Amino acid sequence: MAMMLQRKLLRRTFGEGKAILNFNSNPLLSPCNSFSTVTSAAATPFHNAPRQLPPFDYQPKPYNGPSADQILEKRKKFLGPSLFYYYQKPLNIVEGKMQYLYDENGRRYLDAFAGIVTVSCGHCHPEVLNAITEQNKLLQHATTIYLHHAIADFAEALASKMPGNLKVVYFVNSGSEANELAMLMARLYSGNLGMISLRNAYHGGSSSTIGLTALNTWKYPIPEGEIHHVINPDPFRGVFGSDATRYAKDVQDHIEYGTSGKVAGFIAETIQGVGGAVELAPGYLKQVYDIVRKAGGVCIADEVQTGFGRTGSHYWGFETQGVIPDIVTMAKGIGNGLPLGAVVTTPEIANVMAQKIQFNTFGGNPVCSAGGLAVLRVIDKEKRQAHCADVGSHLIGRLRSLQDKHDIIGDVRGRGLMVGVELVTDRKEKTPAKEKTAILFENMRELGVLLGKGGLHGNVFRIKPPMCFTKDDAGTSFS
């Protein structure tokens, strides 16, 4: 009876055998051509028919390894129970090439999530692979107690991409490590302890950065220590809409009433990633940076997801707000899948780290440095920033035209190839369409398109593909 009721409700919501979201026949949320509903096969005649992806001249190698079921059994037995996976029937991904992934049966999928916004140049990009392979043949690891040109060359190239006096680079292995190091720098340099971050932010899951993160789904009940979360300047859901000045006043009030009047620093993503591709209200960071600096703090830009041209309009997300931070953290796209992160700051702030020994065993090892340098060169050579601007504008424009026609799309937001589509059951109340999002998410996978999900309620589709994603990919999958 429950299933029958659910089917009736879904038919009422989505239509029966009728597309509801398409530039022509609306299959973005269609039960028959795109996302899954639990309607009967009769009601969804194309339910099992994968959409035709654009032609791609590549043949995956035959796979003879363990099956998805066997791998899942091992994961459950030997890996931590906190690990999660997408989809009711998890995918066994065995090969990748540029913007596509292949499962154990050789089926091709369009990767619209880039390994959680990590694959920048494309899966197994030949130039990045070659740089990694050639370095592997010579020297895999030595640490910074010896000299090696790879880390120096990479640091020089990365520093050349930074504005102002952001010229000193520290290499780490992940975004969490980068943000933890940045927080340490802020506290040492300012002489204060209190850190400020935004509600809905994600800055990592380590025991220190979990305090900066402000989404209860990612936080354990442990002491967070001198971390304050201010109102998120979210133009769609925020209490002040797009009014940056009123959000900035909340930061000022918080410093005056919730701290000693002095803080160590402020950290923010320019477009919140895990939080659902939420772009901060225009002009917000410029006002807040001024407030924080007057309170003795430093300003940290978390560029783990927005960096390296993904936003299209700028190389770094913070540039969209017209500011220059004191510290910038980065990871994910910096290595195209390598375990690589970095913190870039000014010589003045970097000097505080010389009080003691600061060392990272694997940070900037020769292989990761060679790969990271190749990533920077590929992004420049292939003009990926301009490409993200062009393709992203095309994609966002088409999605917004759908939003005008279909109430379930509450918001389309983002820049370049960092896009969010928020689904709601009621536009006025902005009620998260949690169940419908989950259903549609499953069917998109069945039809060959892999998306991400985000937001506190999991009702935002995160469309953040490798930066080689094309207009044909966008037209085939989101049209």
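The values are calculated or read from the model by the stated rules, or taken from the named source; none is laboratory data. Remember, it's a predicted structure, so these values are computed and weren't measured experimentally. Positions of Cβ are generated from backbone atoms using ideal geometry, with glycine treated the same way; all protein chains shown enter the neighbour counts. With ligands, DNA and RNA removed, areas are computed over all heavy atoms of the protein, side chains included. Shrake-Rupley method; radii C 1.70, N 1.55, O 1.52, S 1.80 Å.
Listed values, structure above:
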| read-out | value |
| --- | --- |
| Output for the range 443-471, where each listed residue is part of a helix (DSSP H, G or I) and either surrounded by 17 or more Cβ atoms within 10 Å (Cβ to Cβ) or at pLDDT below 95 (or both) | ASN443, MET444, ARG445, GLU446 |
| Which listed residue is among the hydrophobic types (A, V, I, L, M, F, W, C), open to solvent by 10 Å² or more (accessible area, probe 1.4 Å) and outside any strand (DSSP E or B), from VAL292, VAL288, VAL352 | VAL352 |
| Which listed residue is modelled with pLDDT under 95 and either under 30 Å from SER313 (Cβ atoms) or among the charged types (D, E, K, R) (or both), from GLU256, GLU224 | GLU224 |
| Index of the failed condition, LEU440 passing every other in (1) part of a loop (DSSP other than H, G, I, E, B); (2) more than 22 Å from SER393 (Cα to Cα); (3) at pLDDT below 95 | (1) |
| The one condition in (1) open to solvent by 20 Å² or more (accessible area, probe 1.4 Å); (2) in contact with a Leu (Cβ under 8 Å, 6 or more places away or on another chain) that ASP103 fails to fulfil | (1) |
| Test: ASP253 is open to solvent by 10 Å² or more (accessible area, probe 1.4 Å), acidic (Asp, Glu) and in a helix (DSSP H, G or I) | yes |
| Residues within the range 128-157 that are open to solvent by 70 Å² or more (accessible area, probe 1.4 Å) and either in contact with a Pro (Cβ under 8 Å, 6 or more places away or on another chain) or not basic (Lys, Arg) (or both), tallied | 12 |
| In the range 403-429, the residues that are open to solvent by 60 Å² or more (accessible area, probe 1.4 Å) and either in a loop (DSSP other than H, G, I, E, B) or touching a His at 6+ places or on another chain (Cβ under 8 Å) (or both) | ASP404, LYS405, ASP407, ARG427, LYS428, GLU429 |
| Strands (runs of 3 or more DSSP E) contained in the range 151-236 and holding at least 1 residues closer than 18 Å to ILE327 by Cβ and hydroxyl-bearing (Ser, Thr, Tyr) | 168-172, 195-198 |
| Complete set of residues in the range 316-347 that are touching a Gly at 6+ places or on another chain (Cβ under 6 Å) and in a strand (DSSP E or B) | MET330, GLY341 |
